[in-house]
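Visitor: Here's a structure for you.
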Amino acid sequence: NSNISSQNDFYFSDSLNAIGVGEDGLVRKTTNGGYNWSGINTNVRDSLYSICFSGSTGFTSGGSGTILKTTNTGLTWVAQSKITAATLTSLAMFDNDNVTAVGSGRKIIRTTNGGTNWISVTSGTYSSGLNSVVKVSGGTAIAVGDNGIIMKSTNFGANWSNVTNPVMTTLKSVKFGDAVNGTAVGIGGIILRTTNSGDNWSQITADKTFNDLNSVYF
């Protein structure tokens with residue numbers, strides 16, 4: 001498919017069914033493991049960078065503060081009210097009600113009622129854009145971003161605290177394989193690892209690359 005290269009993020013519900021989002025409001029769906037994709041009209045033209053689901057309910061976010069919601073596994077999408085013009089690069093969905101989005105301009109926003117209302121989060125000390133946020137377990141989340149920023153929330157994104165990082169390198173992506181083991185990657189091949197739910201991080205130096213790493217997944 002000529003548009004596959006334009007997709008920025010994917011959500012696979014199983015080995016056959018997936019939703020992809022990308023440039024110019026692109027949303028595409030596959031039911032055969034990615035061999036064929038069909039377009040879904042979202043009526044937006046802002047690029048979309050992140051997608052997450054809890055059951056049949058999902059959210060995607062992108063440029064100019066765009067957030068879309070679906071309640072039917074991605075068949076149709078409804079735009080949420082914008083409260084920021086920042087690019088929202090990543091989403092963490094704790095459950096159908098609690099969702100947090102992070103992005104450029106040091107922006108964190110969240111909803112506690114499934115997207116009916118969104119509010120800005122001002123807690124925490126950070127002066128850098130955030131590139132990735134992930135649910136760890138329960139109401140705990142980790143966010144990473146420019147200049148080595150790592151932040152942690154334990155109350156569904158309401159409050160955030162800074163976590164000490166051994167490097168000042170920009171981090172592009174963070175994922176957890178389970179409730180305690182996580183990995184963050186970034187510019188210059190940086191790889192960080194935690195084994196205690198994001199409280200402490202150590203740098204992986206063996207068998208590394210010096211090329212930029214933009215995404216990690218487990």
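Visitor: Step by step: first the residues of region 95-110, then only those that are part of a strand (DSSP E or B) and among the basic types (Lys, Arg), then the one that is modelled with the lowest pLDDT. Which residue is that?
Guide: Step one: list which residues in region 95-110 are part of a strand (DSSP E or B), which gives 99-103, 107-110.
Next cut, among the basic types (Lys, Arg) only: 107, 110.
Values: Lys107: 90, Arg110: 97.
Looking at the filtered set, the residue picked out is Lys107.
Visitor: Among the residues of region 194-209, is any hydrophobic (A, V, I, L, M, F, W, C), surrounded by 13 or more Cβ atoms within 10 Å (Cβ to Cβ) and within 22 Å of Asn8 (Cα to Cα)? Let's see the steps before the verdict.
Guide: Looking only at region 194-209, we keep the residues that are hydrophobic (A, V, I, L, M, F, W, C), and these are 201, 204, 206.
Those left that are additionally surrounded by 13 or more Cβ atoms within 10 Å (Cβ to Cβ): 201, 204.
So of that shortlist, the ones also within 22 Å of Asn8 (Cα to Cα) come out as none.
No, that holds for no residue.
Visitor: Looking only at region 1-51, which residues are polar (S, T, N, Q) and either assigned to a helix (DSSP H, G or I) or surrounded by 14 or more Cβ atoms within 10 Å (Cβ to Cβ) (or both)?
Guide: First, pick out the residues of region 1-51 that are polar (S, T, N, Q): 1-3, 5-8, 13, 15, 17, 30-32, 36, 38, 41-43, 47, 50.
If the condition is that a residue be polar (S, T, N, Q) and either assigned to a helix (DSSP H, G or I) or surrounded by 14 or more Cβ atoms within 10 Å (Cβ to Cβ) (or both), then Asn1, Asn3, Ser5, Ser6, Gln7, Asn8, Ser13, Asn17, Thr30, Thr42, Ser47, Ser50 are the ones that fit.
Visitor: Cβ-Cβ under 7 Å, sequence separation 6+ or interchain: first residue in region 190-208 and under 17 Å from Ile142 (Cα atoms) and of a type in the set (Lys, Arg), partner open to solvent by less than 80 Å² (accessible area, probe 1.4 Å) and in a loop (DSSP other than H, G, I, E, B). Which pairs?
Guide: Note: pairs meeting the criteria are Arg193/Trp201; Arg193/Ile204.
Visitor: Take the residues in region 166-179 that are hydrophobic (A, V, I, L, M, F, W, C) and open to solvent by less than 60 Å² (accessible area, probe 1.4 Å), then tell me which one is nearest to the chain's Cα centre (by Cα). Steps first, answer last, please.
Guide: To start, the set of residues in region 166-179 that are hydrophobic (A, V, I, L, M, F, W, C) comprises 167-168, 171, 174, 176, 179.
Filter once more, keeping what is open to solvent by less than 60 Å² (accessible area, probe 1.4 Å): 167, 171, 174, 176, 179.
Values: Val167: 22, Leu171: 13, Val174: 9, Phe176: 12, Ala179: 17 Å.
The qualifying residue nearest to the chain's Cα centre (by Cα) is Val174.
Visitor: Please verify whether Ser153 is more than 21 Å from Val121 (Cα to Cα), touching a strand residue (DSSP E or B) at 6+ places or on another chain (Cβ under 7 Å) and at pLDDT 95 or above, treating the condition exactly as stated. Explain how you work it out, then say what you get.
Guide: Numbers: more than 21 Å from Val121 (Cα to Cα): no; touching a strand residue (DSSP E or B) at 6+ places or on another chain (Cβ under 7 Å): yes; at pLDDT 95 or above: yes.
Answer is no for this residue.
Visitor: Follow-up. For region 52-74, how many residues are within 26 Å of Gly105 (Cα to Cα) and crowded, with 16+ Cβ neighbours inside 10 Å? Quick ask: steps written out before the conclusion?
Guide: Taking region 52-74 as the starting set, the residues that turn out to be within 26 Å of Gly105 (Cα to Cα) are 52-53, 58-69.
Filter once more, so that each one left must be crowded, with 16+ Cβ neighbours inside 10 Å: 52-53, 58-63, 65-69.
Residues in region 52-74 being within 26 Å of Gly105 (Cα to Cα) and crowded, with 16+ Cβ neighbours inside 10 Å: 13 in total.
Visitor: Here's something else I'd like to know. In region 92-114, how many are open to solvent by 10 Å² or more (accessible area, probe 1.4 Å) and of a type outside the set (Lys, Arg)?
Guide: Step one: list which residues in region 92-114 are open to solvent by 10 Å² or more (accessible area, probe 1.4 Å), which gives 93-98, 104-107, 110, 112-113.
From what is left, the residues that are of a type outside the set (Lys, Arg) are 93-98, 104-105, 112-113.
So the answer is 10.
Visitor: Shifting gears a bit: Of the numbered conditions (1) on the phi < 0 side of the Ramachandran plot; (2) open to solvent by less than 10 Å² (accessible area, probe 1.4 Å); (3) more than 16 Å from the chain's Cα centre (by Cα), Gly148 satisfies every one except a single condition; which is it?
Guide: (1)
The values are calculated or read from the model by the stated rules, or taken from the named source; none is laboratory data. The model shown is predicted, which means the values in this text are computed figures rather than measured ones. Counting neighbours? That spans all protein chains shown, and the Cβs are built from the backbone with ideal geometry, glycine included. Calculation scope for accessible area: heavy atoms of the full protein, side chains included, ligands and nucleic acids excluded. Shrake-Rupley method; radii C 1.70, N 1.55, O 1.52, S 1.80 Å.
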